[in-house]
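The block underneath contains the structure these notes are about, expressed in structure tokens.
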Amino acid sequence: MEYSVPTQRVAGEFRTWQWILLFSFLQMDKMGALLPGERAEVSSRRFDTDAVLHKIMEKEQEAFEAFYERYRGRVYRFIVRQYGTSDFGKAAYYSSWRHLVISSRSSKTPKELKLNFFRYLGQASQSMPPSKQVESQTSYLPRDIEEDGKWSVVFIEKFKQLPDAMKKRFLFKHEIGLSSTAIARILEDKKKHIEKSIEEAERMLRFNMDDAGCPSDLSLDKLYRESRVVKPPAAWDKEILDSFSIWLKQTGNSPKPVKDRGEGPKGGLGEKFSSWADQLKARATQLQAKLSGKDKDSEFSVSQN
């Protein structure tokens, strides 16, 4: 015999909050019944930076590779625009990434690790011998640049002429993407001093670009964005990524083995969540069987022998 039951009646057996819990725990079960925050997605360029840094603190190479992929261009340009791609520049780039791995063992939080990394990056240029700070001048003439659309090249040449302190503050803002408050904390200076220094750097750059004949409608932001295509050589990338295990061993640790993502934590709260998820899935399966005969009028029929 067949009978019809309104959809709303059966749906009432499984309330809204239960559906929310079911969806959440199904996702957790799919990932291995992990607790919130335990897994940081590092396969995509879009990820929570602090979560990935936490994974680096747990010795996971995949997290280091993801963080490196996101910041390698920024860090590279931050360094080479202060002292070029010489051996000294390469050493500074190499040591900055090494410091990230080394300090991951002593940092208590991801935010502290990030601060240590950027603080080291900011201090690296202070150790460069003055004799190595050679300014390379461009061979472009204003007319050539205007015709070729190479104003970003002129911008970088003008940038090289700024005082070292201004360069660093400008790069922290426009290259790394930090706020004045964050820069002040990194450089252990007052926020108003940072803001004044950056404003003066921008004023000098604008004046020098205008003096070189650069069109006034080309903003500093646009000029700098056009120059951000520069990235580290592939050989440098390989050396950095291949060194992760070596640097980690220097701290007395070894890389964490890759965890089987098909299994969740055993025992404790993780096991309870997994069990609860199984119960909810079973309940959902029963409801799905009832709903399988749903018609176009939001009602369904159930056959009963």
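All of the numbers you see were taken from the coordinates with simple rules; none came from a lab. Please read all numbers here as calculations on a predicted model, not as lab measurements. Don't worry about glycine lacking a Cβ; one is built from the backbone with ideal geometry, like all the others, and counts go over all protein chains shown.
Points worth noting:
- Rounded to the nearest 0.05, the FRET efficiency derived from the C-beta distance between Asp210 and Arg74 at R0 = 25 Å is 0.35.
- Relative exposure of Trp151, Trp236, Trp97, judged by other C-beta atoms within 10 Å (fewest first): Trp236, Trp151, Trp97
- Exposure proxy ranking, count of Cβ atoms within 10 Å, fewest first, for Glu195, Glu188: Glu188, Glu195
- Cβ-Cβ FRET estimate between His193 and Lys150, R0 fixed at 35 Å, reported to 0.05: 0.55
- Separation of alpha-carbon centers, region 105-119 and region 185-212, rounded to whole Å: 26 Å
- Taking each of Lys114/Lys191; Lys111/Lys160; Lys59/Lys191; Lys59/Lys167; Lys59/Lys238 in turn, the alpha-carbon distance tops 24 angstrom for Lys111/Lys160; Lys59/Lys191; Lys59/Lys167.
- Difference of contour (0.36 nm per residue) and Cα-Cα distance, Glu239 to Ser106: 45.5 nm
- Computed lengthening from Val229 to Gln123, 0.36 nm per intervening residue step minus Cα-Cα distance: 35.7 nm
- Footprinting exposure proxy ranking of Ile176, Ile183, fewest other C-beta atoms within 10 angstrom first, gives Ile176, Ile183.
- Full extension of the chain between Gln250 and Asp217 gives 6.7 nm of extra length, using 0.36 nm per residue less the Cα-Cα distance.
- Highest-first packing order for the peptide set 71-80, 211-220 is 71-80, 211-220, based on the mean count of other beta carbon atoms within 10 Å.
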